[in-house]
Amino acid sequence: MTVRPLAIGLVAHDDKKAALVAWAVAHADFLKDKALFATGTTGGRILEALPQLNLVRLKSGPLGGDQQLGAMIAEGRLDVLIFFVDPLSPQPHDVDVKALIRLATLADIPFACNPATADLIVACRPD
């Protein structure tokens, strides 16, 4: 039986992208053998900092990337969601964001919306 690598979704609102990149750099050793999926701009920024990662870039969040991650969750293909949200800025695609959060909650997968929670997920090492 072949065991697939842990699949992690990575997404961040515009004002949180730098924080997610910094988090990824700090946890590059944890991420190096995982299957990573990120929305377009977020994924591009992470790959600029860590080009060696196994990261698939999806569409930009507002253009369907959030929904692509949601579909992966619904299909059981995503194990963890790291989504650094900006609670202080209005999001034009807020409905998509809420749907993604809802799916992660319904699927009962680890879901981090800030660096502190993402750090706890890494500390627990869900391999």
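The values are calculated or read from the model by the stated rules, or taken from the named source; none is laboratory data. The structure presented is a predicted model; accordingly, all values stated were derived computationally and were not measured. All Cβ positions, even for glycine, are placed from backbone atoms using ideal geometry, and neighbour counts span all protein chains on display. Just the protein is used for accessible areas: all its heavy atoms, side chains included, with ligands, DNA and RNA removed. Shrake-Rupley method; radii C 1.70, N 1.55, O 1.52, S 1.80 Å.
Kindly evaluate Asp127 against the criterion of being in contact with a His (Cβ under 6 Å, 6 or more places away or on another chain), modelled with pLDDT under 95 and more than 19 Å from Gln68 (Cβ to Cβ).
no
Scan the range 1-13 and give yes if some residue there is over 19 Å from Arg125 (Cα atoms), in contact (Cβ under 8 Å) with a residue 60 or more places away in the chain and in a loop (DSSP other than H, G, I, E, B), otherwise no.
yes
Of the residues in the range 44-64, how many are more than 17 Å from Phe30 (Cβ to Cβ), assigned to a helix (DSSP H, G or I) and either open to solvent by less than 80 Å² (accessible area, probe 1.4 Å) or in contact (Cβ under 8 Å) with a residue 60 or more places away in the chain (or both)?
3
How about the range 11-43: which of its residues are open to solvent by less than 60 Å² (accessible area, probe 1.4 Å) and farther than 19 Å from Ala118 by Cα?
Across the range 11-43, the qualifying residue is only Gly40.
Looking at the range 65-78, can you tell me whether even one residue there is open to solvent by 50 Å² or more (accessible area, probe 1.4 Å), part of a helix (DSSP H, G or I), among the aliphatic types (A, V, I, L, M) and touching a Gly at 6+ places or on another chain (Cβ under 9 Å)?
no
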